Amino acid sequence: MKSILQLAHLNARVAGLGLLGRWLGTKEVAAGYDCVAATYEKVWQCHLRRTTDEFLQRLPSGLTGTILDLGSGTGYTARYLASINPKATLMAIDVSQGMLNHARQQAPANMHCVVSDMLKFLQAQSNESVSMIVSTWAMGYSHSTRVLENCGRVLSRGGTLAFIVNYSDTLSAVFHVFQRCMLRFPNHVRLAAFPRFPKNWGFLQQALVQNRFELEWHQDGLQKITPPKGELLPWLRQTGVMAGFDAMLDLSGAAGDFFETELARDRNNLFHHFAAAIARKR
């Protein structure tokens, strides 16, 4: 009975926030990543680097024209793309000013940073105006189908689209605890949200076919994440995993203690579930 009442309370809370227009959006995600910009590469990207490097080594080099890195963050992918395509112009796009400030510190001459939502940036580009589009670990924060649709429009014929994107069940242990925390502390919920990360490969594959892409390579991956010793919530707050969600749920006081205790039980069960793909525009 108690759980039913808690669920009713949470549903009423979320519905009320939605009616008031208080939705989790780009502004909150950007603010969350601004806060972790100084720690992101050391604390979180280290867990993703091997997968990212193996993916990047599959991409073409020596291109000219314009290359887009969507959701560039601190510029790890963009710097690599700029180095293997020295005659191309590399545009590093991200919603977080803080992350791009770090990217600029090591940016080569042919790399340019633009603070923008990736979908809005794509929508402003001309048809068939870029030679390659890459996105690593970021597309799920936007509307994946609309991003892929616009990639199909702005990418030149024969151009490459390459991405790594998390599935909706990535780090499920973290977000199951997050949901239990919302249920336990509904008054701590400050924003409503729609799930955006893709559910499975079939969802992405359909979008690629619809937008005239021919798949060249695809891999689904499950990567174990080993957290450092000690409390998990302070660590997560340095990684970017909670970006946006930290604005959605107030994890101070008893709510934070509950989150920490519950997640500690699953600290050895943290996995990134993702899709990596390379496709060519027909």
Unmet criterion (only one of (1) within 22 Å of Leu155 (Cβ to Cβ); (2) touching a residue at least 40 places away in the same chain (Cβ under 8 Å)) for Pro86: (2)
Meets criteria (small (Gly, Ala, Ser) and buried (at least 22 other Cβ atoms within 10 Å of the Cβ)) for Ser156: no
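Restrict the check to the stretch 209-230 and report whether at least one residue is assigned to a helix (DSSP H, G or I) and farther than 23 Å from Gln45 by Cβ. Don't jump to the end; show me each part of the working.
Within the stretch 209-230, the subset assigned to a helix (DSSP H, G or I) is 209-210.
Cutting the leftovers down to farther than 23 Å from Gln45 by Cβ gives us 209-210.
Yes, because at least one residue in the stretch 209-230 is assigned to a helix (DSSP H, G or I) and farther than 23 Å from Gln45 by Cβ.
Those residues that are hydrophobic (A, V, I, L, M, F, W, C), out of contact with any His (no Cβ under 9 Å at 6 or more places or on another chain) and crowded, with 17+ Cβ neighbours inside 10 Å, I need them from the stretch 264-282; list them, please.
Listed by number, the residues that qualify are Leu270, Phe274.
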Subset of the stretch 231-250 [surrounded by fewer than 16 Cβ atoms within 10 Å (Cβ to Cβ) and in a loop (DSSP other than H, G, I, E, B)]: Glu231, Asp250
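Among the residues of the stretch 108-148, which ones are among the aromatic types (Phe, Trp, Tyr) and modelled with pLDDT of 95 or more? Spell out the reasoning first.
Initial filter on the stretch 108-148 (among the aromatic types (Phe, Trp, Tyr)): 121, 137, 141.
Listed by number, the residues that qualify are Phe121, Trp137.
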Residue tally, condition in a loop (DSSP other than H, G, I, E, B) and either small (Gly, Ala, Ser) or within 11 Å of Val36 (Cα to Cα) (or both), over the stretch 251-260: 1
The listed residue being surrounded by 21 or more Cβ atoms within 10 Å (Cβ to Cβ), closer than 30 Å to Gly16 by Cα and among the polar types (S, T, N, Q), out of Thr170, Thr145, Thr136: Thr170
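Could you say whether any residue in the stretch 67-86 is at pLDDT 95 or above, of a type outside the set (Gly, Ala, Ser) and within 21 Å of Leu236 (Cα to Cα)?
Yes, because at least one residue in the stretch 67-86 is at pLDDT 95 or above, of a type outside the set (Gly, Ala, Ser) and within 21 Å of Leu236 (Cα to Cα).
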Options Leu263, Leu270, Leu249, Leu233; residue that is more than 21 Å from the chain's Cα centre (by Cα), in contact (Cβ under 8 Å) with a residue 12 or more places away in the chain and within 30 Å of Leu10 (Cβ to Cβ): Leu263
Residues located in the stretch 123-145, provided they are more than 16 Å from the chain's Cα centre (by Cα) and free of Cβ contacts under 8 Å to residues at least 60 places away in the same chain: Gln123, Ala124, Gln125, Ser126, Asn127, Glu128
The lone exception for Gly253 - which of (1) surrounded by fewer than 18 Cβ atoms within 10 Å (Cβ to Cβ); (2) at positive phi; (3) modelled with pLDDT under 95 it fails: (3)
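Checking the conditions here, which among Phe185, Phe213, Phe194 is exposed (fewer than 12 other Cβ atoms within 10 Å of the Cβ) and either in contact with a Leu (Cβ under 9 Å, 6 or more places away or on another chain) or among the aliphatic types (A, V, I, L, M) (or both)?
Working: Phe185 fails: exposed (fewer than 12 other Cβ atoms within 10 Å of the Cβ); Phe213 fails: exposed (fewer than 12 other Cβ atoms within 10 Å of the Cβ).
After applying the criteria, what remains is Phe194.
Leu263 - would you say it is among the hydrophobic types (A, V, I, L, M, F, W, C), in a helix (DSSP H, G or I) and closer than 18 Å to Phe175 by Cα? Working first, answer last.
Numbers: among the hydrophobic types (A, V, I, L, M, F, W, C): yes; in a helix (DSSP H, G or I): yes; closer than 18 Å to Phe175 by Cα: yes.
The answer is yes for Leu263.
Here are some residues: Leu119, Leu148. Which one is within 17 Å of His218 (Cβ to Cβ) and in contact (Cβ under 8 Å) with a residue 24 or more places away in the chain? Explain how you work it out, then say what you get.
Working: Leu119 fails: within 17 Å of His218 (Cβ to Cβ).
Only one candidate qualifies: Leu148.
The values are calculated or read from the model by the stated rules, or taken from the named source; none is laboratory data. All values reported here derive from a predicted model rather than from experimental measurement. Reconstructed Cβ throughout: ideal geometry from the backbone, glycine too, with neighbour counts over all protein chains shown.
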